Every structure is written in structure tokens, then in C-alpha cells.
Amino acid sequence: MQTPEDENYYLTRDFYHNENTNGTLIMDKDSNVGVGVAYNDYSNGKKPSTNLIIHGHTMRNGDMFGSLDLYADEEYGRSHNIICFDSLYEEREYELPAVFYSQVYNKSDDVFKYYKFFQADTQEEFDAWYNNIKLMSLYDTGVEAEYGDEFITLSCCAYHVEDGRFVVVGEKN
């Protein structure tokens, strides 16, 4: 779900707007899923953001992104390396280039903030983001990307540090 006017709306609501502690998976308000289809070069539509970020709760019962941390295990990541994402317009598949732990930092902290990358308008913007996620990755997935590729980032709470996050990144096939 995505509600740009109130990004927190689905934190404690289900798909049908009912109160639910699990919440719903939420696409970041700064992500643009796109309108139209890639094979038509999004003509009469709008191309997606370079990076779509989806946030979800880490539920102990495995709901939402409760089992996302299984990707911390290299063997699991290699055998589950495809992320499927369907929009109203197309079905997309993404392959795993990076898996890492991070955190939400203070605004003033001068550090890499994966959750601030949505659009690479230049090679330099792309390189800065991509090089950082590859450096932080828990293992080498063997997947390489280049400027112009599209990504999906799945992000959930992790408890290794205060405001910790576990992150799985996929590159569009």
C-alpha cells in the first residue's frame, strides 16, 4: 500500500483499513511505482523510480517481513534470490544483489542512508548508492548492476542496534 498524504496510515491497519497490529507492507511515499509497462517504454505513463522502497513490520509470527531476516543466511539468499512484485500494470522480478544490516540515523549524521535513495539521475548518484550497498552486503550474491537499472528495497526492523534495519535489495530482471 502507499498513502503519500499519510505514510504511517497502514502501520497499524490492514489492506481493508481495519485496525491490525501487523499493519500492511508500505511503499515509501517517495517511491514511484510507475504507470504503464516497461515493454511499451512506459509511453503514455510514467517510468518507476530507480529504487522502490517497501517497509514492513518484523512480526515474530512471520507475518509481514517477519521472515525477511532469513536472507542473512547466504545459502537461503542464493536459493531464494528472486523477488516478485506486481503493480496494477505489470509483474516484475528482481534478483538479489545485496543484503545488509543498517539503521535509521539522525538527520545530521553524515553517513550512508540507504532509505534516502529513490532516483539516480546521474552515474555518480547511482555509483554512490550501489557501491555502498555492495560494501555493506553480508555476502557476494554474484549479481551486478549498472546505471539505468531499477531496484526494489525491502526494509524491516532489526535489533542489532537502536533503530536497526534489515535490508534486502533486488535488481529488476
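What the table shows:
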{"item": "Helix-only mean residue ellipticity at 222 nm for the chain, each DSSP H run of n ≥ 4 adding -39500 (n - 2.57), per residue, nearest 500", "result": "-3500 deg cm²/dmol"}
{"item": "Net charge of neighbours whose Cβ lies under 12 Å from the Cβ of Arg165, counting Lys and Arg as +1 and Asp and Glu as -1", "result": "-2"}
{"item": "5 Å binning of all Cα-Cα separations within the chain, expressed as whole percents from 0 upward", "result": "2, 8, 16, 21, 22, 17, 10, 4, 1, 0"}
{"item": "Portion, in percent, of the accessible area of the chain that falls on carbon or sulfur, probe 1.4 Å", "result": "47 percent"}
{"item": "Given charges at beta-carbon only (K, R positive; D, E negative), |dipole| of the stretch 1-98 in Debye", "result": "180 debye"}
{"item": "log₁₀ of I(q)/I(0) at q = 0.14, 0.19, 0.22, 0.24 Å⁻¹ - the stretch 43-101, Debye sum with one point per alpha carbon", "result": "-0.52, -0.88, -1.08, -1.20"}
{"item": "Per residue accessible area in Å² of the chain, where ligands, DNA and RNA are left out and the probe is 1.4 Å", "result": "57 Å²"}
{"item": "Listed peptides 138-144, 163-169, 107-113, 2-8 by packing density, highest first (mean Cβ within 10 Å)", "result": "163-169, 138-144, 2-8, 107-113"}
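The values are calculated or read from the model by the stated rules, or taken from the named source; none is laboratory data. Keep in mind that what you see is a predicted model, and the values were worked out from it rather than measured. Virtual Cβ from ideal backbone geometry, glycine too; neighbours counted across all protein chains shown. Calculation scope for accessible area: heavy atoms of the full protein, side chains included, ligands and nucleic acids excluded. Shrake-Rupley method; radii C 1.70, N 1.55, O 1.52, S 1.80 Å.
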